[in-house]
Structure formats: C-alpha cells, structure tokens
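Undergrad: Input: one structure, supplied below.
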Amino acid sequence: MQNDFTVENFWREFQSYKTDFIPADFSPSKVDLYDVIDSTNSELLRRIENLRLHSDSDVFLTEVSEKIDRTLVASGSQTAGRGRIGRRFYSPDKTGIYFSLAYIPKSKPINPACVTAASSVAVSRAIENVFGVETKIKWVNDVYVGEKKVSGILVEGFCDASGSLAGFIIGIGINISMEKSEGANWGKAGGIIDSSKNPDAYRNSLLAASVKEVLSILDRDEKFIDEYRAKSFLKGKTVSVTPLVGNELGVYDAQVLDVTDDAGLLVRLEDGSEKVLSSGEVSLHQ
C-alpha cells in the first residue's frame, strides 16, 4: 500500500482492486485530492452551480455530464462536513477519508434511496476487503463494525433545466482510526482499526475500493438489495422512528420487519398496522 495521498497512488490501487470491472468514463483526470476542504459534497455542488450559471439551459446537463459526471473529490479532512438532516459530519485530520462522487445514471432513473443503499453495500464490501473485518448496515446509510458506526453516507440530487432529477452527489465519510481528541463528541462513532495504527497507510486503498464498488453496483445495475438485507442488523428489533415528513405521529416506536426492494424500511406499529418508511431516522429502542 502507498501511504502518500496522491492521484497516482490512488489510481494504482484502483486498477489493482480485486474486481475485473472497468468503469466507463472514469480516469485519473476525474480525480481531485485535497488535504483539507470545507465539504467534498459542497465542492461538487459548487462546480455544478458554476456550470449552471455559465451555460445555456439546453446544454447545461451535457456540460455537467462531460465535466462533472464521475468526478471524484476526496480529502483527508473537512472543516464543514455535512451529514443527513443538516447535521455536521465530524471530519478531523489523521482519522479517515471523506469523498464525494458525481454520478449521472446512463439509462433509467434511480430511486435516491436505492443509491444510498447501494453505496452502503459498496462501502461495506470495501471495508471488509481492505481490512478483513465484518460489517453491518443500519438503515439507511450507516455502516458499522462491531457496535460502532464507521461510515455515513449523504446522497444529494441535482436537477436539469426542467427541474427533473438529473444525477447525484454521493458523499461518503469513513472513520479509519479515531483518537478521542479533546472536545470531540463521537457518540456511537468508532474507527475500523486501533488508534495506534496510521490511517494514512489505508487511505488510498480504501478510497479506491469504495469508489470501484459504488461504480460497479450502479453501472451494472446490480441486484444488491438481498446483500443489504443480509447485512442489516435492525430486523426484529424495536426502534424509535423520527419522521422527516408526515410527522403527525411525532416520534414513535415500531418493530422492524424487513427492508423492501426499493430500500424502504417495513415496520409494524404498536396498533399492529404496517408501514414502509422511505425517509426519516431510526434509532434502537433503549
């Protein structure tokens, strides 16, 4: 493994990663690496907005596809990392890898929830292949090693000139090794390896594995949902549900029954009725 966080070392790891899948339209010229950035998602969204401001509406999506699609922005730290529901994603230096991939589907539209779920499976595979550890997934976007969350995913869509969903920014943060630094509030987060080890030694290989797995699943329209179900650890458990829309119930308890084919969470409410969650937050009932 190459320690230096460079495009050359990343690309070497990307080409040598175990799958024989070769993604189209992805090359070293599409990769931008930083030591520190405010937010990798924000950087790609700024580039898209800049094209929007300087393009005619009828060529905007063509220019995005040519200049932005499959662009990878990665950083060793973020000063303003973002998580779901407006939360901050703590992204200090010398702990992990934080990256965003612009993706425009080549054919049929993709359900955003399925993009998030597919990315969760991709990260899960990458961590297992690079570190040889077992991973689990907490609906909809968290990857766990043991009892600790080691990765979170934020997928944001962008629209074409007509206002229709055109593509996605897939943002992923992975904690490789975490020190309990002063002032940090990690909560249930943890690292993959012991804090005595150097996370820089794994940054290129983990980034390469994760990106290649994401592109492999999405480009090949892989049927990943059974793998997602198998990795999910919520089935049969009681969770507290915090809805983002349709909040007439407020926070409520429910029993998890399954994950649907379109990455929804099927739950049973206290009155015995069943409901599919397509958004919201769930936490294990204490």
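The values are calculated or read from the model by the stated rules, or taken from the named source; none is laboratory data. The model shown is predicted, which means the values in this text are computed figures rather than measured ones. We place every Cβ from the backbone using ideal geometry, glycine too, and count neighbours over all the protein chains shown. What goes into the accessible areas is simple: the full protein's heavy atoms, side chains included, and nothing from ligands, DNA or RNA. Shrake-Rupley method; radii C 1.70, N 1.55, O 1.52, S 1.80 Å.
Undergrad: Considering (1) free of Cβ contacts under 8 Å to residues at least 40 places away in the same chain; (2) surrounded by 13 or more Cβ atoms within 10 Å (Cβ to Cβ); (3) closer than 26 Å to VAL145 by Cβ, say which one ARG268 fails and leave the rest.
TA: Exception for ARG268: condition (3).
Undergrad: Evaluate the following for ASP20: is it farther than 30 Å from THR242 by Cβ, outside any helix (DSSP H, G or I) and without any contact (Cβ under 8 Å) to a residue 24 or more places away in the chain?
TA: yes
Undergrad: Checking GLY152 against (1) within 25 Å of LEU33 (Cα to Cα); (2) open to solvent by 50 Å² or more (accessible area, probe 1.4 Å): exactly one of these is not met. Which one?
TA: With (1) within 25 Å of LEU33 (Cα to Cα); (2) open to solvent by 50 Å² or more (accessible area, probe 1.4 Å) applied to GLY152, the lone miss is (2).
Undergrad: Looking at region 175-183, can you tell me whether even one residue there is in a loop (DSSP other than H, G, I, E, B), more than 10 Å from the chain's Cα centre (by Cα), at pLDDT 95 or above and of a type in the set (Val, Ile, Thr)? If you could, list the steps in order and put the result at the bottom.
TA: In the first step, residues of region 175-183 are kept if they are in a loop (DSSP other than H, G, I, E, B); the result is 176-183.
Within this subset, residues satisfying the condition of being more than 10 Å from the chain's Cα centre (by Cα) are 176-183.
Pick out the ones that are also at pLDDT 95 or above and you get none.
There is no residue in region 175-183 that is in a loop (DSSP other than H, G, I, E, B), more than 10 Å from the chain's Cα centre (by Cα), at pLDDT 95 or above and of a type in the set (Val, Ile, Thr).
Condition check ((1) charged (D, E, K, R); (2) in a strand (DSSP E or B); (3) open to solvent by 20 Å² or more (accessible area, probe 1.4 Å)) across all residues:
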residue: LEU206; (1), (2), (3): no, no, no
residue: SER210; (1), (2), (3): no, no, no
residue: SER216; (1), (2), (3): no, no, no
residue: LYS223; (1), (2), (3): yes, no, yes
residue: ALA230; (1), (2), (3): no, no, yes
residue: GLY236; (1), (2), (3): no, no, yes
residue: SER240; (1), (2), (3): no, yes, yes
residue: LEU257; (1), (2), (3): no, yes, yes
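Undergrad: If you take the residues in region 105-146 that are of a type in the set (Val, Ile, Thr) and farther than 30 Å from THR62 by Cα, which one is surrounded by the most Cβ atoms within 10 Å (Cβ to Cβ)?
TA: My answer is VAL143.
Undergrad: Let me ask something else. Is region 85-96 home to any residue that is part of a helix (DSSP H, G or I) and either of a type in the set (A, V, I, L, M, F, W, C) or buried (at least 18 other Cβ atoms within 10 Å of the Cβ) (or both)?
TA: Yes, there is a match, as at least one residue in region 85-96 is part of a helix (DSSP H, G or I) and either of a type in the set (A, V, I, L, M, F, W, C) or buried (at least 18 other Cβ atoms within 10 Å of the Cβ) (or both).
Undergrad: Would you tally the residues in region 144-165 being touching a Gly at 6+ places or on another chain (Cβ under 8 Å) and either among the aliphatic types (A, V, I, L, M) or in a loop (DSSP other than H, G, I, E, B) (or both)? First the steps, then the outcome.
TA: Here is the first cut: in region 144-165, the ones touching a Gly at 6+ places or on another chain (Cβ under 8 Å) are 145-158, 165.
Then drop every residue that is not either among the aliphatic types (A, V, I, L, M) or in a loop (DSSP other than H, G, I, E, B) (or both), which leaves 145-147, 150, 153-155, 165.
Number satisfying all stated conditions: 8.
Undergrad: In addition: Could you list all residues from region 30-50 that are farther than 14 Å from THR71 by Cα and either more than 18 Å from the chain's Cα centre (by Cα) or buried (at least 17 other Cβ atoms within 10 Å of the Cβ) (or both)?
TA: If the condition is that a residue be farther than 14 Å from THR71 by Cα and either more than 18 Å from the chain's Cα centre (by Cα) or buried (at least 17 other Cβ atoms within 10 Å of the Cβ) (or both), then ASP35, VAL36, ILE37, SER39, GLU49, ASN50 are the ones that fit.
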